């Protein structure tokens with residue numbers, strides 16, 4: 001009896017297996033087809049009217065050039081907020097009354113349509129309270145424009161490096177900026193659906209809203225990494241001298257640790273109120289890293305503190321920030337902490353690793369420190 005039933009059982013099992021294999025293939029095919037259709041729609045919308053996410057929702061809108069010309073008073077100097085690595089940024093008011101920041105890609109800039117699309121598509125996929133929000137874009141009449149939410153307090157460098165405006169940044173606000181920037185960077189490196197290396201993290205790319213919440217901006221040179229990818233190399237060096245890690249500036253090696261190195265510069269600038277590329281102490285040009293090391297090693301953290309703070313700060317927090325900054329500037333990338341480790345260090349400063357004395361590079365004159373949009377590694 002059992003021998004008689006065995007072929008029936010085997011036939012049932014094989015039929016069930018074939019059904020599930022067929023179902024799997026059908027579902028996989030539909031998913032691939034949907035992704036292809038979404039990619040095609042994404043490309044079409046980028047040129048015809050908007051950008052859609054993976055679920056097919058329109059998340060970013062095409063804004064016509066006429067409205068932008070009206071919003072910025074034809075890109076008047078009065079509306080100019082500043083100058084970015086790829087062109088100027090203007091304040092504008094859209095027909096609906098919304099204040100916006102409009103990034104105008106310079107026609108002589110090395111950022112072409114590829115980088116422009118990269119920034120648009122990249123930002124629209126990134127949603128975090130510490131990243132600037134893209135509202136729209138324009139590709140018309142030879143212009144390439146990005147429309148962002150307007151940050152009333154502009155960029156961090158505008159306040160930080162001004163002796164008078166710097167007084168608006170008390171210690172509490174500075175730590176708020178540090179913590180918010182850290183969380184934004186953690187999202188880019190580890191928590192978003194894409195792993196992003198920013199490659200140009202600096203004070204001018206940290207925007208501040210009306211409550212001094214920091215938002216990381218300018219993703220034109222960002223690099224997307226695979227889930228298990230550790231590093232990458234490039235012949236095209238982009239970023240800002242003074243903020244680049246040595247392995248990136250000299251060899252074109254990119255990793256999350258490149259951003260960590262840039263973060264330490266930002267951290268030391270927030271503490272000292274001094275621009276790293278123009279740092280002077282006691283009328284002597286000195287590397288900000290070298291001065292930070294001396295301050296930490298000799299436990300003289302008070303020496304590096306911005307005078308604009310007028311004694312209102314936590315010395316323990318200052319020393320913790322300097323300690324973390326020195327860990328971020330270690331010569332070998334593997335010796336630098338990850339952004340998640342940095343977040344933990346800020347909340348638990350017990351048993352922190354002891355930083356090795358970093359190599360101190362010679363400091364160039366501030367006028368020689370330039371933002372480079374493209375350089376070839378030799």
Exercise. Which ordering of 177, 354 is given by a fewest-first count of other beta-carbon atoms within 10 Å?
Worked result: 354, 177
Exercise. Taking the highest mean first, how do the peptides 166-175, 320-329 order by number of other beta carbon atoms within 10 angstrom per residue?
Worked result: 320-329, 166-175
Exercise. For residue 158 and residue 351 in one chain, what is 0.36 nm times their gap in residues minus the Cα-Cα distance, to one decimal in nm?
Worked result: 65.9 nm
Exercise. Cα gyration tensor of segment 156-372, axes a ≥ b ≥ c as square roots of the eigenvalues: rounded (a/c below 1.5), prolate (a/b > b/c) or oblate?
Worked result: rounded
Problem set entry | Theoretical gain in end-to-end length, residue 69 to residue 335 [0.36 nm per residue, Cα-Cα removed] | 90.8 nm
For this session: Starting with the highest mean, order 209-221, 336-348 by the number of other Cβ atoms within 10 Å, averaged over the residues of each peptide.
Result: 209-221, 336-348
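Bear in mind these aren't lab numbers, they're just calculated from the coordinates by the rules spelled out. As the structure is a computational prediction, the values presented were derived from the model and not from experiment. So basically every Cβ, Gly included, is an ideal-geometry build from the backbone, and we count neighbours across all protein chains shown.
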